[in-house]
Amino acid sequence: MTEPAATIGVRLRLDIGPDCSIGPGKIALLEQIERSGSLSQAGRVLKMSYRRAWLLLDDLNRTLGQPVTTASVGGAGGGGARITPFGRQVIAAFRDIERAAAAAAAQQLDWLLQYGVGAAVATAPRRAVNRSLARSRTAAAEPAAEPAAPAAANGAKPPAEAARRGRRGRAVKPP
């Protein structure tokens, strides 16, 4: 079996201000909503949970200043989601920048393929990056936690931890 020819590719993420980023996942979600007319259907096609799809869409709608989608409430015909004209502009701008970046990378790095770099890269599988949107946002905003105090010899929780937990070990809201 012959290996496919290696190519130069670009995976693009645009950071717009400190709290807003647009990447291939959000754009794919918008494009799928455009096709299906439904956030839940778009999430299913992209193999993401409804919650994950909703969080990505909410992030875009909140941080861009204008909504990229509108939603209609369910009923006899069911609810739905529609891409706004602003959302279509976001998709088009991202895809234009992506094409330009891919063309520039291919032009600038074509010499790597001439040296056989592509053959070594083609056989090494890429590792998928799966991270929670909520965790990545809070991790960047919170300072590093102090190391935990060692547990008591009898297995009891440290006093600070015990104060945050109720009698069943669940977190308790502070008064």
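Where a number appears in this text, it was derived from the coordinates with a stated rule and is not lab data. Quick caveat, the model's predicted, so the values are computed rather than measured.
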**Fill in**
Checked the stretch 1-57 against the a/c 1.5 cut and the a/b vs b/c comparison, axes a ≥ b ≥ c from its Cα gyration tensor; verdict oblate
**Request:** Multiply the residue gap between Arg95 and Gln107 by 0.36 nm, knock off their C-alpha separation, and tell me the result in nm, one decimal place.
**Result:** 2.5 nm
**Message:** Just to check, using Stokes-Einstein with a Kirkwood Rh over alpha carbon pairs, what's the diffusion coefficient of the stretch 14-123 at 25 °C and 0.890 mPa s in µm²/s?
**Reply:** 155 µm²/s
